[in-house]
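What follows is a single structure, written as structure tokens, with notes after it.
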Amino acid sequence: MANHANAMNKVKILVVGDSGVGKSSLVHLICHGQCLSNSSWTIGCSVEVRVHEYREGTPSQRPYFVELWDVGGSNSHKNARHVFYNPVHGIILVHDLTNRKSQQNLRRWLSEILLREGGGTKSRIPLVDDFDAEQFGGFSQVYGMKKLPVFVVGTKQEQVAEFRTSGRVRSSSIADECAADEITVNTLDQRSLAPGSSNAVRLSRFFDKVIERQQTTTSRTDGGFSYLERENPMFRRNKATSSFVVTG
Amino acid sequence: MGILIDSAIMTGSMLIFFIGGWMWFVKKIFRDYEVHNTLVQLFFPMIFMLSCAMFELIIFEIAAVLESGSRYLYWQVVLYSMLIMLILVIPFYLCHFAVSNIRMVSREWVNLLSVLTWGVFMVCFWKIGDPFPILSTQHGILSIEQSISRIGVIGVTVMAALSGFGAVNYPYTSMNIFMRPVTKHDIQAQERRLLQTIDVIVNKKKRIALAEKERITSKVGDESGSRSRIWGLLRSVTASSPQGESLSTLKQEVAALEELSRQLFLESVELQNQRERLEWASTFQGRFFNFMGYFFSLYCSWKIFISLVNIVFDRVGRKDPVTKGMEIAVHWLGFDIDVQFWSQHISFFLVGCIILTSIRGFILTLTRFFYAVSSSKSSNIIVLVLAQLMGMYFVSMVMLMRMNMPLEYRTIITQVLGDLQFHFYHRWFDVIFLVSALTTMGILYLAHKQVNTSDKTESFYEPKW
């Protein structure tokens with residue numbers, strides 16, 4: 001079984017958002033199909049794994065491991081979070097529908113991930129507070145990164161009726177700007193992500209997109225090495241084959 | 001005519017304070033939350049406005065701006081509104097929010113329960129005054145002396161605790177001798193350990209996920225198969241028991257590893273904080289603060305010593321520093337100065353400085369505290385608690401300020417606040433200051449020692465897998 005686990009391919013998706021929006025509940029719901037009964041603030045990063053059937057229903061169906069890295073959102077741990085950001089193949093942005101500020105803060109989260117991922121251990125990069133869709137594309141060019149697939153989730157859907165006078169919930173602007181798919185869930189209800197529901201279908205489509213992107217980029221230069229391995233002087237870049245070679 | 005101009009000045013300045021407090025609240029404190037309740041948004045700036053108005057009146061008293069009759073009137077207005085807010089309004093809303101946050105309570109009971117809780121709060125508030133020799137017994141139950149005295153006790157406690165903490169913490173954070181050296185290598189080693197731990201966790205979770213999936217599919221296969229039930233039962237028992245055992249041990253290992261990863265992450269956060277402090281210490285600001293830190297630690301040790309002396313020898317009736325300075329200048333150093341003129345200006349300057357630095361320090365501390373403590377559920381309650389604390393803090397600051405002003409300016413405060421035993425408050429301040437400073441020293445010493453020993457043992461630690 002251990003061999004089987006190592007032989008299967010995997011992708012890594014970051015789940016980020018402000019503190020208290022419901023990331024841990026969401027991840028638990030996605031991976032275990034059940035609601036999280038005792039939620040507490042996530043310290044550091046909590047990883048859950050889901051076995052996802054890539055291209056389900058087609059002859060080329062293959063199981064993939066989807067690792068959901070649920071990064072704790074408290075501000076006091078900001079300076080050490082960057083170690084989790086590299087490498088990443090997809091991003092799930094989570095915001096609280098009852099708190100509009102958490103939605104606006106998603107931009108900061110996205111820029112934090114993109115800048116830290118490209119910068120390694122550099123800490124002097126000024127974080128950009130607001131940026132527009134052009135800059136999102138611009139980041140890709142400047143930092144030589146692939147455009148990461150993004151998925152936006154709004155939580156606490158059941159509490160929205162208390163706070164909003166208008167019935168419909170406006171779609172978040174960041175989803176439009178990044179051309180990302182968006183769903184709203186109630187993390188206390190198992191049926192939000194029941195297999196076959198539209199939310200679950202969109203989520204599967206997002207996972208497929210992430211896997212496709214990862215497949216096209218593993219043939220590229222960086223080869224998916226983590227930043228730790230890049231920083232280590234033992235790894236030297238072989239210019240001929242553009243791959244990393246262990247020396248010493 | 002005079003009173004019209006005075007009213008205009010006062011209302012204008014109070015409007016400015018209100019807007020300032022509101023901007024601070026929206027931009028800094030409630031930065032990450034959406035305000036659902038407009039009342040909460042109003043209370044905080046209102047308390048801030050009333051506090052600043054009190055200080056403004058003190059400054060006007062010293063600088064002799066406005067007529068004394070109108071000053072007294074405004075003192076009464078500000079003080080009464082402050083008292084109503086602090087004792088009646090804010091506690092009621094606090095109880096209301098606290099009760100509605102409890103999930104088990106249904107809608108109709110919320111109002112009743114909040115009134116009851118508020119009643120309990122009022123009784124406790126009254127009982128606070130009993131053990132302290134705060135005031136003489138001539139006053140009736142509903143006089144403002146009763147309420148001010150109790151507010152004063154709480155406010156002075158908060159003030160003294162914060163001063164004690166600040167007095168010890170400031171030298172500790174700004175002086176370089178307390179900072180530990182942290183190299184890039186240390187941080188990278190820590191991060192490598194963290195990522196290795198997480199890799200192991202992920203691998204184990206993958207095995208668990210695969211095992212669970214196989215268990216589900218084999219269960220489905222059994223149900224739809226045509227084998228006899230006993231054969232299927234035997235198979236499932238023998239096949240799943242080694243699986244089941246290893247699954248539960250895997251899950252236990254994962255739980256232990258996750259706890260380890262949390263510890264490693266927190267240590268990594270601490271290392272990054274140390275590195276940032278070291279970087280800051282090499283900047284101009286850092287070096288300046290380091291230099292000032294030496295002076296400040298001298299001042300703090302002197303303050304602690306003086307508090308001890310005050311308590312032990314029960315010193316009463318200290319002269320304010322201005323008059324004392326004047327006496328020294330005139331009698332001992334032989335300066336020939338116009339005492340009246342200079343004492344007014346110097347006390348104006350001194351009191352102004354104290355007020356401004358206290359407000360600024362309080363604002364910064366409050367903001368940081370709110371960021372550290374708040375969450376999306378409790379943000380309303382915390383804002384109200386902070387508004388309450390702020391009101392009590394500033395009222396007691398006015399009370400204690402009396403000692404810093406020369407005799408002729410003290411009368412207005414004595415007049416307005418009533419005949420309280422001011423000496424008690426100073427003694428109480430000294431006691432709490434001493435306790436808080438010593439406690440902070442003890443805690444910082446323990447934390448410093450623990451971090452130093454953990455540094456030494458880190459080099460022995462290596463992951464065993």
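Residues that are among the acidic types (Asp, Glu) and under 24 Å from residue B:399 (Cβ atoms): does the range B:5-26 have at least one? Quick ask: steps written out before the conclusion?
We begin by selecting, within the range B:5-26, every residue among the acidic types (Asp, Glu); these are B:6.
Among the residues that remain, those that are also under 24 Å from residue B:399 (Cβ atoms) are: none.
The answer is no, given that none of the residues of the range B:5-26 is among the acidic types (Asp, Glu) and under 24 Å from residue B:399 (Cβ atoms).
Residues that are more than 9 Å from every other protein chain (Cβ to nearest Cβ) and touching a Cys at 6+ places or on another chain (Cβ under 7 Å) within the range A:60-85 comprise A:68, A:70, A:71, listed in sequence order. Return yes or no: is residue B:132 aromatic (Phe, Trp, Tyr), modelled with pLDDT under 80 and touching a His at 6+ places or on another chain (Cβ under 8 Å)? Against the criterion (aromatic (Phe, Trp, Tyr), modelled with pLDDT under 80 and touching a His at 6+ places or on another chain (Cβ under 8 Å)), residue B:132 does not qualify. Number of residues in the range A:39-74 that are closer than 26 Å to residue B:194 by Cβ and charged (D, E, K, R): the value is 4. Within the range B:274-291, the set of residues being part of a helix (DSSP H, G or I) and loosely packed, with under 15 Cβ neighbours inside 10 Å comprises B:276, B:279, B:284, B:285, B:287, B:288, B:291.
I'd like to check something: does the range B:55-69 contain any residue that is surrounded by 20 or more Cβ atoms within 10 Å (Cβ to Cβ), within 20 Å of the chain's Cα centre (by Cα) and within 23 Å of residue B:397 (Cα to Cα)? No, the range B:55-69 contains no residue that is surrounded by 20 or more Cβ atoms within 10 Å (Cβ to Cβ), within 20 Å of the chain's Cα centre (by Cα) and within 23 Å of residue B:397 (Cα to Cα). Given the residues B:373, B:351, B:416, B:385, which is the only one that is at pLDDT 75 or above and either buried (at least 17 other Cβ atoms within 10 Å of the Cβ) or closer than 30 Å to residue B:29 by Cα (or both)? After ruling out the rest, the residue left standing is B:385. For the residues B:393, B:409, the requirement of being away from chain A (no Cβ under 14 Å) and at pLDDT below 75 singles out B:409.
Is it true that some residue in the range A:90-97 is without any contact (Cβ under 8 Å) to a residue 40 or more places away in the chain and more than 27 Å from residue B:192 (Cβ to Cβ)?
There is no residue in the range A:90-97 that is without any contact (Cβ under 8 Å) to a residue 40 or more places away in the chain and more than 27 Å from residue B:192 (Cβ to Cβ).
The residue that is nearest to the other protein chains (Cβ to nearest Cβ), among those in the range A:32-59 that are farther than 24 Å from residue A:82 by Cα and free of Cβ contacts under 8 Å to residues at least 60 places away in the same chain, is A:51.
The values are calculated or read from the model by the stated rules, or taken from the named source; none is laboratory data. From a predicted model like this one, the values you see are computed outputs, not experimental measurements. Counting neighbours? That spans all protein chains shown, and the Cβs are built from the backbone with ideal geometry, glycine included.
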